[in-house]
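For reference, the structure is listed below as structure tokens.
The values are calculated or read from the model by the stated rules, or taken from the named source; none is laboratory data. Quick caveat: nothing in here was measured; it's all calculated off a predicted structure. Here Cβ is always computed from backbone atoms with ideal geometry, including for glycine, and neighbour counts include all displayed protein chains.
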Amino acid sequence: MSPRPKVGLEITAILDVAGQIADVQGMQEVTLANLAKQLGIRPPSLYNHFDGLGGLRKKMAIYGLNRLYEELAHAAIGVAGDEAVLAISKAYVNFARKHPGIYEATLMAPEMGDEEVQQAGKKIVDLTVTVLQNYELKDDLALHAVRGLRSILHGFSSLEQRGGFKMQLDLNESLEIIIKAFIDGIHDH
């Protein structure tokens, strides 16, 4: 990636560039020095927005969670029940495919207990609980189902990103079969 012209140091523009670095080169390359170089600024200027590399990682996690939420919310518009579960599942995996670095950022906040990170993640949980409402899962059972779905989607995405699916089978078909099995399971509860 060639250096970009200096941009107004708005946090969204900075995170967009950091996301591009992450997606192309990997999250390990999202450093203050690399980010400053891409922005055409000196690294100390970034301290106006982040408390060091840890602060940048936290903002990247929130940025990634918010972007993932937007994709899932968009996929859930106008659908319900099985169709909605399938739609958000495909959106999740497609987000990880299109934005592997940003997706990785959602998993590596320095302090996962941080309130801002928790709030960004909670939006995704709440959306998923809403999508699962048609199954009349009560109390903790709905949250267990959210955990199960996330585990399936993250596992699938992680294995795919690391080249774990070598067989000549259509990955989208595999995903659909797996999600339909999950849906069948929650229908039985």
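Answer yes or no: is there a residue in the range 82-90 that is under 23 Å from Gln28 (Cβ atoms), acidic (Asp, Glu) and either part of a helix (DSSP H, G or I) or under 9 Å from the mean Cα position of the chain (by Cα) (or both). Looking for residues that are under 23 Å from Gln28 (Cβ atoms), acidic (Asp, Glu) and either part of a helix (DSSP H, G or I) or under 9 Å from the mean Cα position of the chain (by Cα) (or both), one finds none in the range 82-90, hence no. Would you be able to say whether some residue in the range 48-68 is within 20 Å of Gly148 (Cα to Cα) and either part of a helix (DSSP H, G or I) or modelled with pLDDT under 95 (or both)? For the range 48-68, residues within 20 Å of Gly148 (Cα to Cα) and either part of a helix (DSSP H, G or I) or modelled with pLDDT under 95 (or both): present.
I need a count of the residues in the range 63-85 that are of a type outside the set (D, E, K, R) and under 21 Å from Gln161 (Cβ atoms). Within the range 63-85, residues that are of a type outside the set (D, E, K, R) and under 21 Å from Gln161 (Cβ atoms) number 8. For the range 92-138, a residue qualifies if it is aliphatic (A, V, I, L, M), out of contact with any Gly (no Cβ under 8 Å at 6 or more places or on another chain) and surrounded by 17 or more Cβ atoms within 10 Å (Cβ to Cβ), and the qualifying residues are Val93, Ala96, Ala109, Val117, Ala120, Ile124, Leu127, Val131, Leu132, Leu137. Going by the conditions given, is Ser89 surrounded by 19 or more Cβ atoms within 10 Å (Cβ to Cβ) and among the polar types (S, T, N, Q)? Considered against the rule, which asks whether it is surrounded by 19 or more Cβ atoms within 10 Å (Cβ to Cβ) and among the polar types (S, T, N, Q), Ser89 comes out as yes. On the stretch given as the range 42-67, residues that are in contact (Cβ under 8 Å) with a residue 40 or more places away in the chain and among the hydrophobic types (A, V, I, L, M, F, W, C) total 4.
Against the test of being of a type in the set (Asp, Glu) and over 29 Å from Met27 (Cβ atoms), the options Glu115, Glu136, Glu160, Glu104 yield a single qualifying residue, Glu136.
Figure legend. Inter-residue proximity from the range 90-102: first residues modelled with pLDDT under 95, second residues in a helix (DSSP H, G or I), beta-carbon distance below 8 Å, spacing 6+ or different chains. No pairs are indicated. Taking the conditions (1) at pLDDT 95 or above; (2) exposed (fewer than 14 other Cβ atoms within 10 Å of the Cβ); (3) under 26 Å from Gln20 (Cα atoms) in turn, Ile77 satisfies each one other than (3).
Within the range 117-175, the set of residues being under 23 Å from Met60 (Cβ atoms), among the basic types (Lys, Arg) and more than 14 Å from the chain's Cα centre (by Cα) comprises just one member, Arg162.
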